[in-house]
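The structure appears below as structure tokens.
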Amino acid sequence: MIFLRNRLLGYGVDPAWADLLAAILLVLIVTLLCILANFISKQVVIRLITHFVRKNKFRWDNVLLERKVFHKLSHFVPAIIVYYFASAFPTYQKAIETLAITYMMIVAFSVINRLLSVFNDIYQTYEISKSKPIKGYIQVAKIIVIIIGTILVIANLVGESPVILLSGIGALSAVFMLVFKDSLLGLVAGVQLSATDMVRVGDWIEMPKYGADGDVIDISLNTVMVRNFDRTVTMIPSYALISDSFINWRGMQESGGRRIKRALYIDTSSIMFCTEEMIEHYKGIHFLKDYLLEREAEIKEYNQINQVDRSNRVNGRALTNIGVFREYIQQYLRRHPGIHQEMTLMVRQLAPGENGLPIEIYAFANSTQWTYYETVQADIFDHLFAVAGEFGLRVFQNPTGSDFKWLPERAEKAGPKPEGE
């Protein structure tokens, strides 16, 4: 600044104006230097770094670019220039240096926060991140960095030791506990979720209380983000997964099989003993021939040993169309390419009710993929609905409006009732 003042005096400038003009010129020079340095660092240096990063085989440095760590570092250059020229303004030197240092501290803590994000991004590229997410811990570290940074910045601005400020924070601990209650609960919950492996990114969870039914896409300090199957997103507090109950379908997904548990309702009035003609007809069904021959021999032997009088069909043992149908379903499932044969496979009767007799299929599809599972399930029941009539069975269905509509026509086709009925 003295150099500029002397030059201005040499050009005949009034000494009263020389100091002011020298200060203005110096401010303009410093400003231009800062703009030029910022331009060079961003348009030249960062472009060279970007070119180098894109060309090498490492992946982690690409994350540094995506998080704009180098861009943030470039902010140090103007601050250093301002700090260097602070001595040119003796009156305001202390204030300028304080502001420059404060700005550099803010930039430094911002860079640290971005580096923490970079670390998390790199960690997520590894398979272990799905079972052991660290995003919650990263967020806690960021909060600590922000708190420490705020204390140091304030201490630098007021010119006091950070220790003095820290001693006063103890009195505000209760306030901090209240303000960061959710974060603290989330931190504890995050530790428990990670330690017990209750939830991972990619798990399908179901939590009706929060309207969540879908895949976990993110686990953070305070929330677990779930993308529902209708493409909406539900945010669940992390501590709610510890305090409340939820369903995690990971076990099903890892098992390789997905359960089919659905019933076919049979009209009980269509259940009957099998006649000889019916049994001969059933023997023509590929799945049932060996079963019927074996059962006929077993029943015949039982009736002979116990001298059962078969003139009345109620006596002794006999085949029923519902029993043969259950065996047919069992054999059909044993040969179905979409059913997991190493898991539970069962065809059972449930308690009859007002909707008929439920014949329930309890089996597992050999894939957990949703669309494949639904296709297998639909394929099985399409077939069973179609073949039930072959066994003389009627599938129960409550009467509809069309059933009542055609009653008069059916009665007319049946003809008049005989007298005396």
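The values are calculated or read from the model by the stated rules, or taken from the named source; none is laboratory data. Treat the numbers as computed from the prediction; the structure is a model and nothing was measured. Heads up, the Cβs are rebuilt from the backbone with ideal geometry, glycines too, and the neighbour counts pull from every protein chain shown. SASA here: full protein model, heavy atoms, side chains in, ligands and nucleic acids out. Shrake-Rupley method; radii C 1.70, N 1.55, O 1.52, S 1.80 Å.
Find, among the GluC sites (Glu not before Pro) in segment 63-146, those assigned to loop by DSSP (not H, G, I, E, B) with at most 10 other beta-carbon atoms within 10 angstrom.
Counting only loop positions with at most 10 other Cβ atoms within 10 Å, the GluC sites (Glu not before Pro) in segment 63-146 are Glu127.
From the protein chains alone at 1.4 Å, what is the descending order of accessible area for Ser220, Ser245, largest first?
Ser245, Ser220
Given a 1.4 Å probe, how much area per residue of segment 198-258 is accessible, in Å²?
Result: 47 Å² per residue.
What whole number of Å gives the distance from the Cα centroid of segment 271-314 to the Cα centroid of segment 31-46?
96 Å
Give me the accessible area of Val118, 1.4 Å probe, in Å² rounded to the nearest 10.
10 Å²
Set the Förster distance to 56 Å, then compute FRET efficiency between Lys130 and Leu36 from the Cβ-Cβ distance, nearest 0.05.
Efficiency computed from Cβ-Cβ geometry: 0.75.
Given the pairs Lys42/Lys132; Lys94/Lys181; Lys57/Lys132; Lys72/Lys209; Lys181/Lys261; Lys94/Lys135, which are separated by over 32 angstrom at their Cα positions?
Table pairs above 32 Å Cα-Cα are Lys42/Lys132; Lys94/Lys181; Lys72/Lys209; Lys181/Lys261; Lys94/Lys135.
Provide the per residue accessible area, probe 1.4 Å, for segment 70-135, rounded to a whole number of square angstrom.
58 Å²
May I ask you to list the chymotrypsin sites (Phe, Trp or Tyr not before Pro) in segment 82-126 that are in a DSSP loop and have at most 16 other Cβ atoms within 10 Å of their Cβ?
Tyr126
Can you tell me the accessible area per residue over segment 290-411, all protein chains present, probe 1.4 angstrom, in square angstrom?
Per residue, segment 290-411 has 60 Å² of solvent-accessible surface.
DSSP loop chymotrypsin sites (Phe, Trp or Tyr not before Pro) in segment 31-79 with at most 11 other Cβ atoms within 10 Å of their Cβ, which ones?
Passing sites in segment 31-79 are Phe58.
For segment 100-168, rounded, prolate or oblate, judged on the Cα gyration tensor with a ≥ b ≥ c (square roots of eigenvalues), a/c < 1.5 rounded, else prolate if a/b > b/c?
oblate
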